Amino acid sequence: MAPRASIPDSRPRSRWAAGLPAVTAEKIVDQALILTETHGLDNWTVRQLATAIEAYPTVVYHHVGDREAVVNAVLDRVVGMLPVPPTALPWRDWFRVLLSGLRGVLRRYPGVARRLAAHGPGVERAAPIIDRGVTLLQEAGFGKESVLAYNVLLSTACQLVAIEDDRERSPELRAKMSELYAQSRTREDLPGLAAMGAFVEEVSGQPDQLAGFYASFYDYAVERTLDGIAARLEQIRSR
(Lines give C-alpha, C1' and ligand atoms only; values in the text may rest on other atoms or scores of the structure.)
Protein backbone atom coordinates (compact mmCIF):
# COMPACT_ATOMS: atom_id res chain seq x y z
CA MET A 1 0.00 0.00 0.00
CA ALA A 2 1.39 3.34 -0.98
CA PRO A 3 2.05 5.65 1.91
CA ARG A 4 -0.46 8.44 2.34
CA ALA A 5 0.78 11.84 1.41
CA SER A 6 1.27 14.07 4.40
CA ILE A 7 -0.98 17.09 4.53
CA PRO A 8 0.76 20.28 5.58
CA ASP A 9 -0.67 21.68 8.82
CA SER A 10 -1.71 25.22 7.93
CA ARG A 11 -3.09 26.01 11.37
CA PRO A 12 -1.36 28.83 13.25
CA ARG A 13 1.08 27.45 15.77
CA SER A 14 0.39 30.12 18.39
CA ARG A 15 -2.52 32.17 19.66
CA TRP A 16 -0.62 35.28 18.67
CA ALA A 17 -0.35 34.03 15.08
CA ALA A 18 -4.07 33.23 15.12
CA GLY A 19 -4.92 36.73 16.32
CA LEU A 20 -6.23 35.43 19.66
CA PRO A 21 -5.47 37.06 23.03
CA ALA A 22 -3.15 35.25 25.41
CA VAL A 23 -4.81 32.91 27.91
CA THR A 24 -4.25 33.66 31.58
CA ALA A 25 -5.58 32.10 34.75
CA GLU A 26 -7.61 35.27 35.38
CA LYS A 27 -9.30 35.07 31.98
CA ILE A 28 -10.12 31.40 32.50
CA VAL A 29 -11.79 32.18 35.81
CA ASP A 30 -13.59 35.13 34.18
CA GLN A 31 -15.18 32.75 31.69
CA ALA A 32 -15.92 30.14 34.36
CA LEU A 33 -17.73 32.86 36.29
CA ILE A 34 -19.81 33.72 33.21
CA LEU A 35 -20.67 30.03 32.68
CA THR A 36 -21.66 29.75 36.33
CA GLU A 37 -23.88 32.81 36.09
CA THR A 38 -25.52 31.47 32.93
CA HIS A 39 -25.77 27.73 33.62
CA GLY A 40 -25.00 27.20 37.30
CA LEU A 41 -21.85 25.99 39.03
CA ASP A 42 -22.52 22.30 38.39
CA ASN A 43 -23.67 22.60 34.79
CA TRP A 44 -20.55 23.35 32.78
CA THR A 45 -17.54 21.24 31.85
CA VAL A 46 -13.86 21.96 31.35
CA ARG A 47 -14.39 21.32 27.65
CA GLN A 48 -17.12 23.99 27.52
CA LEU A 49 -14.86 26.34 29.43
CA ALA A 50 -12.04 25.67 26.98
CA THR A 51 -14.37 26.40 24.07
CA ALA A 52 -15.35 29.70 25.69
CA ILE A 53 -11.71 30.82 25.84
CA GLU A 54 -10.99 29.36 22.38
CA ALA A 55 -8.35 26.97 23.63
CA TYR A 56 -7.81 23.29 24.33
CA PRO A 57 -8.78 21.80 27.74
CA THR A 58 -5.08 21.24 28.44
CA VAL A 59 -4.67 25.02 28.54
CA VAL A 60 -7.16 25.18 31.43
CA TYR A 61 -5.31 22.44 33.27
CA HIS A 62 -2.00 24.19 32.66
CA HIS A 63 -3.04 27.61 33.94
CA VAL A 64 -5.53 26.73 36.70
CA GLY A 65 -5.85 22.97 37.16
CA ASP A 66 -8.70 20.47 36.99
CA ARG A 67 -12.38 21.37 37.26
CA GLU A 68 -12.27 21.37 41.05
CA ALA A 69 -9.45 23.89 40.98
CA VAL A 70 -11.47 26.11 38.64
CA VAL A 71 -14.53 25.77 40.89
CA ASN A 72 -12.47 26.85 43.90
CA ALA A 73 -11.24 29.85 41.94
CA VAL A 74 -14.86 30.74 41.09
CA LEU A 75 -15.85 30.38 44.75
CA ASP A 76 -12.97 32.62 45.76
CA ARG A 77 -14.05 35.23 43.23
CA VAL A 78 -17.71 35.13 44.35
CA VAL A 79 -16.85 35.28 48.05
CA GLY A 80 -14.69 38.30 47.23
CA MET A 81 -17.83 40.06 45.99
CA LEU A 82 -19.54 39.86 49.38
CA PRO A 83 -19.92 43.26 51.02
CA VAL A 84 -17.90 43.03 54.24
CA PRO A 85 -19.57 45.02 57.04
CA PRO A 86 -17.74 47.75 58.96
CA THR A 87 -15.53 46.29 61.66
CA ALA A 88 -16.96 48.47 64.41
CA LEU A 89 -20.53 47.13 64.18
CA PRO A 90 -21.92 45.05 67.08
CA TRP A 91 -22.08 41.33 66.32
CA ARG A 92 -25.79 41.19 65.46
CA ASP A 93 -25.68 44.23 63.18
CA TRP A 94 -22.49 42.92 61.53
CA PHE A 95 -24.12 39.61 60.65
CA ARG A 96 -27.32 41.30 59.52
CA VAL A 97 -25.38 43.42 57.03
CA LEU A 98 -23.26 40.47 55.87
CA LEU A 99 -26.19 38.12 55.34
CA SER A 100 -28.35 40.80 53.74
CA GLY A 101 -25.72 41.31 51.04
CA LEU A 102 -24.95 37.61 50.73
CA ARG A 103 -28.24 36.67 49.08
CA GLY A 104 -27.88 39.18 46.25
CA VAL A 105 -24.38 37.96 45.38
CA LEU A 106 -25.07 34.23 45.61
CA ARG A 107 -28.35 34.39 43.70
CA ARG A 108 -26.39 35.73 40.73
CA TYR A 109 -24.32 32.53 40.60
CA PRO A 110 -26.59 29.46 40.97
CA GLY A 111 -25.01 26.49 42.69
CA VAL A 112 -22.47 28.48 44.67
CA ALA A 113 -24.76 28.74 47.71
CA ARG A 114 -25.31 24.97 47.78
CA ARG A 115 -21.56 24.36 47.55
CA LEU A 116 -20.86 26.80 50.37
CA ALA A 117 -23.61 25.32 52.55
CA ALA A 118 -22.35 21.78 52.04
CA HIS A 119 -18.59 22.28 52.21
CA GLY A 120 -17.91 25.78 53.47
CA PRO A 121 -15.87 28.52 51.80
CA GLY A 122 -12.41 26.97 51.85
CA VAL A 123 -10.98 29.86 49.86
CA GLU A 124 -8.57 32.66 50.70
CA ARG A 125 -11.03 35.54 50.39
CA ALA A 126 -13.29 33.97 53.00
CA ALA A 127 -10.54 34.11 55.64
CA PRO A 128 -11.07 37.75 56.76
CA ILE A 129 -14.85 37.27 56.92
CA ILE A 130 -14.58 34.10 58.99
CA ASP A 131 -11.97 35.66 61.25
CA ARG A 132 -13.99 38.80 61.94
CA GLY A 133 -17.28 36.95 62.38
CA VAL A 134 -15.93 34.42 64.86
CA THR A 135 -13.96 37.11 66.71
CA LEU A 136 -17.09 39.23 67.13
CA LEU A 137 -18.96 36.28 68.57
CA GLN A 138 -16.10 35.53 70.94
CA GLU A 139 -16.04 39.13 72.10
CA ALA A 140 -19.83 39.04 72.59
CA GLY A 141 -19.46 36.15 75.03
CA PHE A 142 -20.28 33.01 73.03
CA GLY A 143 -17.00 31.43 74.10
CA LYS A 144 -16.47 27.93 72.76
CA GLU A 145 -19.80 28.16 70.91
CA SER A 146 -18.57 31.03 68.72
CA VAL A 147 -17.62 28.77 65.82
CA LEU A 148 -20.90 26.87 66.06
CA ALA A 149 -22.91 30.10 66.11
CA TYR A 150 -21.02 31.42 63.09
CA ASN A 151 -21.63 28.23 61.12
CA VAL A 152 -25.34 28.18 62.00
CA LEU A 153 -25.77 31.72 60.68
CA LEU A 154 -23.79 31.28 57.47
CA SER A 155 -25.01 27.78 56.61
CA THR A 156 -28.64 28.76 57.23
CA ALA A 157 -28.33 31.73 54.88
CA CYS A 158 -26.58 29.67 52.18
CA GLN A 159 -29.15 26.88 52.43
CA LEU A 160 -31.99 29.35 51.99
CA VAL A 161 -30.38 30.70 48.82
CA ALA A 162 -29.68 27.16 47.57
CA ILE A 163 -33.35 26.26 48.02
CA GLU A 164 -34.34 29.37 46.10
CA ASP A 165 -31.95 28.38 43.29
CA ASP A 166 -33.54 24.92 43.15
CA ARG A 167 -37.06 26.30 43.09
CA GLU A 168 -36.22 28.61 40.23
CA ARG A 169 -35.02 25.66 38.15
CA SER A 170 -38.33 23.81 38.65
CA PRO A 171 -41.16 26.28 37.98
CA GLU A 172 -43.61 23.53 36.99
CA LEU A 173 -43.08 21.63 40.23
CA ARG A 174 -43.30 24.85 42.22
CA ALA A 175 -46.61 25.73 40.56
CA LYS A 176 -47.96 22.22 41.17
CA MET A 177 -47.07 22.29 44.86
CA SER A 178 -48.58 25.75 45.25
CA GLU A 179 -51.81 24.48 43.70
CA LEU A 180 -51.88 21.48 46.05
CA TYR A 181 -51.42 23.71 49.09
CA ALA A 182 -54.06 26.15 47.87
CA GLN A 183 -56.56 23.31 47.56
CA SER A 184 -56.17 22.68 51.29
CA ARG A 185 -57.42 26.14 52.29
CA THR A 186 -60.90 24.83 53.06
CA ARG A 187 -59.81 21.87 55.24
CA GLU A 188 -61.76 22.52 58.42
CA ASP A 189 -60.43 19.30 59.92
CA LEU A 190 -56.85 20.54 59.53
CA PRO A 191 -56.91 24.26 60.37
CA GLY A 192 -53.13 24.63 60.29
CA LEU A 193 -52.94 23.17 56.80
CA ALA A 194 -55.87 25.35 55.76
CA ALA A 195 -53.98 28.43 56.98
CA MET A 196 -50.99 27.33 54.90
CA GLY A 197 -53.20 26.87 51.86
CA ALA A 198 -54.79 30.29 52.27
CA PHE A 199 -51.37 31.89 52.61
CA VAL A 200 -50.01 30.17 49.49
CA GLU A 201 -53.10 31.13 47.49
CA GLU A 202 -52.81 34.75 48.59
CA VAL A 203 -49.13 35.01 47.69
CA SER A 204 -49.50 33.11 44.41
CA GLY A 205 -52.38 35.30 43.32
CA GLN A 206 -50.41 38.53 43.56
CA PRO A 207 -47.48 38.61 41.10
CA ASP A 208 -45.87 41.64 42.75
CA GLN A 209 -46.02 40.04 46.16
CA LEU A 210 -44.82 36.70 44.79
CA ALA A 211 -41.79 38.33 43.15
CA GLY A 212 -40.64 39.70 46.49
CA PHE A 213 -41.68 36.77 48.63
CA TYR A 214 -38.36 34.93 48.67
CA ALA A 215 -36.42 38.06 49.57
CA SER A 216 -38.85 38.78 52.41
CA PHE A 217 -38.77 35.17 53.57
CA TYR A 218 -34.97 35.21 53.53
CA ASP A 219 -34.88 38.38 55.66
CA TYR A 220 -37.44 36.89 58.05
CA ALA A 221 -35.44 33.66 58.42
CA VAL A 222 -32.19 35.55 59.00
CA GLU A 223 -33.78 37.71 61.70
CA ARG A 224 -35.34 34.73 63.47
CA THR A 225 -32.02 32.89 63.36
CA LEU A 226 -30.32 35.92 64.86
CA ASP A 227 -33.06 35.97 67.53
CA GLY A 228 -32.26 32.38 68.41
CA ILE A 229 -28.50 32.99 68.55
CA ALA A 230 -29.08 36.09 70.73
CA ALA A 231 -31.31 34.09 73.08
CA ARG A 232 -28.57 31.48 73.39
CA LEU A 233 -26.11 34.22 74.29
CA GLU A 234 -28.36 35.28 77.16
CA GLN A 235 -28.37 31.69 78.43
CA ILE A 236 -24.57 31.56 78.30
CA ARG A 237 -24.25 34.86 80.15
CA SER A 238 -26.66 33.78 82.89
CA ARG A 239 -24.60 30.73 83.86
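The values are calculated or read from the model by the stated rules, or taken from the named source; none is laboratory data. Quick caveat: nothing in here was measured; it's all calculated off a predicted structure. Every residue, glycine among them, receives a Cβ derived from its backbone with ideal geometry; neighbour counts consider all protein chains shown. Heavy atoms of the whole protein, side chains included, go into the accessibility calculation; ligands, DNA and RNA do not. Shrake-Rupley method; radii C 1.70, N 1.55, O 1.52, S 1.80 Å.
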GNM flexibility winner over the chain from Ala55, Ala117, Ala149 (Cα, springs under 10 Å): Ala55
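Starting from the Cα gyration tensor of the stretch 100-214, take the square roots of the eigenvalues, sort them a ≥ b ≥ c, and report rounded, prolate or oblate (rounded when a/c is under 1.5, otherwise prolate if a/b is larger than b/c, else oblate).
Values: a/c = 3.12, a/b = 1.96, b/c = 1.60.
Prolate is the answer for the stretch 100-214, as a/c is 1.5 or above and a/b outweighs b/c.
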Cα extents of the chain along the three principal axes, largest first (Å): 88, 50, 33
In nm, spacing of pseudo-spin labels at Glu188 and Val152 (7 Å Cα→C-beta vector): 4.2
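Can you give the longest run of the chain that contains no GluC sites (Glu not before Pro) sitting in a DSSP loop with at most 16 other Cβ atoms inside 10 Å? Please list the in-between numbers first.
Working: sites that count: Glu54, Glu188.
Counting at most 16 other Cβ atoms within 10 Å as exposed, the longest clean stretch of the chain is 55-187.
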Linear extension gain, Asp30 paired with His119, 0.36 nm per residue minus alpha-carbon span: 29.8 nm
The stretch 130-174 residues near the modelled Phe217 label - backbone nitrogen below 20 Å, point 7 Å along Cα→Cβ: 153-174
Fluctuation leader among Thr186, Thr87, Thr24 - the chain, Gaussian network, Cα springs under 10 angstrom: Thr186
Distance (nanometres) between label positions extended 7 Å along Cα→Cβ at Asp208 and Ala175: 2.3
In Å², nearest 10: area of Thr51 left accessible to a 1.4 Å probe: 100
With DNA, RNA and ligands ignored, accessible area of Leu33 (1.4 Å probe; Å², nearest 10): 20
Glu145-Ala22 pseudo-label distance in nm [points 7 Å out on the Cα-to-Cβ vector]: 5.5
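Hey, with R₀ at 30 Å, roughly what FRET efficiency would Leu89 and Glu37 work out to, going by the Cβ-Cβ distance, to 0.05? Before the final figure, lay out each step's value.
Details: r = 30 Å, r/R0 = 1.00.
Efficiency, rounded to the nearest 0.05: 0.50.
Would you mind telling me the share, in percent, of accessible area of the stretch 93-239 contributed by carbon and sulfur at probe 1.4 angstrom?
On the way: 4680 of 8510 Å².
Of the solvent-accessible surface of the stretch 93-239, carbon and sulfur hold 55 percent.
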